[in-house]
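Worksheet for the structure shown next.
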Amino acid sequence: MTASQEPPDAADRPRTRGEVLVVDDDVGFANGLAALLHAHGYRARVAYDGDQALSQLSLQSFDVVISDIVMPGMIGCTLVQAAHALPGRDGVPFVFMSVLNEEKVQTFFDTSIRYLQKPFDSAQLLAMLREAATVDTPPTASRSTPTPPPGVPQRRGR
């Protein structure tokens, strides 16, 4: 559709680069990251733990989920499995972030993942987000089996 074929109010509406779910138990960080994404044309929603993320994912589709790895209740590798088990969400791409170094993060996953170490450069995050949203990855390639290191609980009881 060319600009002349768009509805008259289309020029007044902001263009969006996609729907992103930010999952982090650090409220200030999660809200700040959502604000950064909004400033770069994304529509971002925030969840402060894995259960909130699953609730939002069950109600709405997202182009990408950006998730912390170590969170109370449900760690990131458990979240991705649970998210991919939801109807219609088996292919949603995840970008993981953590203060842990990459070597330590790999102990949580049995496949390669998209990962950024906190603190990270916003340009690096935006590039990884664009790549995650545009790459047509088969759902099985983005799944992982949780294998948390000793002492890190997968999920706490309610």
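The values are calculated or read from the model by the stated rules, or taken from the named source; none is laboratory data. Since this is a predicted model, take the numbers as computed values, not measurements. Please note: Cβ atoms are built from the backbone with ideal geometry, for glycine as well, and neighbour counts cover all protein chains shown.
Exactly one residue out of 57, 21 is touching a strand residue (DSSP E or B) at 6+ places or on another chain (Cβ under 8 Å), under 19 Å from residue 115 (Cα atoms) and at pLDDT 95 or above, and it is 21. There is at least one residue in the stretch 87-106 that is touching a His at 6+ places or on another chain (Cβ under 6 Å), at pLDDT 85 or above and either aromatic (Phe, Trp, Tyr) or farther than 15 Å from residue 24 by Cβ (or both). Restricting attention to the stretch 44-70 and to residues that are in contact (Cβ under 8 Å) with a residue 40 or more places away in the chain and exposed (fewer than 15 other Cβ atoms within 10 Å of the Cβ), the residue that is nearest to the chain's Cα centre (by Cα) turns out to be 61. Considering the stretch 71-111, and only residues there that are among the hydroxyl-bearing types (Ser, Thr, Tyr) and farther than 19 Å from residue 125 by Cα, the residue that is nearest to the chain's Cα centre (by Cα) turns out to be 78.
Does residue 83 fit the bill of being buried (at least 20 other Cβ atoms within 10 Å of the Cβ), over 19 Å from residue 31 (Cα atoms), at pLDDT 90 or above and touching a strand residue (DSSP E or B) at 6+ places or on another chain (Cβ under 9 Å)? So residue 83 passes the test. Among the residues of the stretch 112-124, those that are out of contact with any Pro (no Cβ under 9 Å at 6 or more places or on another chain) and either modelled with pLDDT of 85 or more or surrounded by 12 or more Cβ atoms within 10 Å (Cβ to Cβ) (or both) comprise 113, 115, 116, 117, 118, 119, 120, 121, 122, 123, 124. (1) over 12 Å from the mean Cα position of the chain (by Cα); (2) in contact (Cβ under 8 Å) with a residue 12 or more places away in the chain; (3) surrounded by 14 or more Cβ atoms within 10 Å (Cβ to Cβ); (4) under 20 Å from residue 125 (Cβ atoms): which one isn't true of residue 41, the others all being true? With respect to (1) over 12 Å from the mean Cα position of the chain (by Cα); (2) in contact (Cβ under 8 Å) with a residue 12 or more places away in the chain; (3) surrounded by 14 or more Cβ atoms within 10 Å (Cβ to Cβ); (4) under 20 Å from residue 125 (Cβ atoms), residue 41 is out only on (3).
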